[in-house]
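After the C-alpha cells below, expect a handful of questions from me.
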Amino acid sequence: KYKTAIEEVNVTFADQQKINKFARNTSRMTELKNEIEAKKKSLQNLQDASDDLMMLDDDALLIPYQIGDVFVSHTQEETQELLEAAKETLEQEVKGLEDRVSAIQQVLGDLKVQLYAKFGNNINLEADES
C-alpha cells in the first residue's frame, strides 16, 4: 500500500479569509498592471505626437488638438504645451498606480508567508504564466 504525502490540514475561517484576501489582491494587481500598460501606451502616443510636432517647420500652422469630443486648433507651441501637460498627468497617474501595485505586492508577500507556513505544499499561491 502507498501512503499519500498530503497531510490533513484544517482550514479555519481565518485561513479562508486570508485565502480570499490573497485572491482579491491578486486580481486587483492584475487590473492595475493592465491599467498601467494602457497608460504607458497612451504616454508613448503622446511622445510620438510631440516628436512629430517638433519636425514641423511652419510656426503659423494651426494644429487640431482633441479636447473631449471636439478638436480645437492651437499654435504649434500651445499644442506642444498641451502635450507636455498631458504627459505629465499620465506619468503621475502611472506612478500612483505603480505605488498601489507595490503596496499590494507587500500584502501578498505577507499573506504568502502566513499561508505557506500553515499549508506548506498543500497550497499553491503562484500565478499561472499561461
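Each value in this text was obtained by applying a stated rule to the coordinates, not by laboratory testing. Just so it is clear, the structure is predicted and the values come from calculations on it, not from any experiment. A quick note on method: Cβ atoms are made from the backbone with ideal geometry, for glycine too, and the neighbour counts reach across all protein chains shown.
For a 31 Å ceiling on Cα separation, which of these pairs sit above it: K21/K87; K18/K95; K18/K87? If you can, show how the numbers build up before the last one.
Working: K21/K87 34 Å; K18/K95 28 Å; K18/K87 39 Å.
Pairs exceeding 31 Å: K21/K87; K18/K87.
If you don't mind, there's one more thing I want to ask. On C-alpha positions alone, give me the angle between the axis of helix 13-54 and the longest principal axis of the chain, in degrees, nearest 10.
20
Right, another one. Output the 0 to 90 degree angle, nearest 10, between the alpha-carbon long axis of helix 76-119 and the longest principal axis computed from the alpha carbons of the chain.
It is inclined by approximately 0 degrees.
When the helices in the chain are scored as -39500 (n - 2.57) per DSSP H run of 4 or longer and the sum is shared across all residues, what 222 nm value do you end up with, to the nearest 500 deg cm²/dmol?
Only helices count here, giving -24500 deg cm²/dmol.
Normalised by the residues of the chain, what does the relative contact order come to in percent, with Cα pairs under 8 Å and at least six apart? Mind showing how you got there, number by number?
On the way: 70 pairs, mean separation 42.7, N = 130.
Relative contact order comes out at 33 percent.
Using all C-alpha to C-alpha distances in the stretch 40-98, build P(r) with 10 Å bins and read off the rounded percent in each one.
22, 51, 23, 5, 0
Rank these for me by crowding, T26, T12, going from fewest to most other beta carbons within 10 Å.
Taking fewest neighbouring Cβ atoms as first place, the list is T12, T26.
For the stretch 13-122, with equal point scatterers placed on the C-alpha atoms only and solvent neglected, what are the log10 I(q)/I(0) values from the Debye formula at q = 0.18 1/Å, to two decimals?
Cα-only, vacuum Debye calculation for the stretch 13-122: -0.90.
Give the long-range amide H neighbours of H74: residues separated by 5 or more places, or on another chain, with amide H under 5 Å away, using H modelled in the peptide plane at 1.01 Å from N.
Sorted by chain and number, the residues that satisfy this are I63, Y65.
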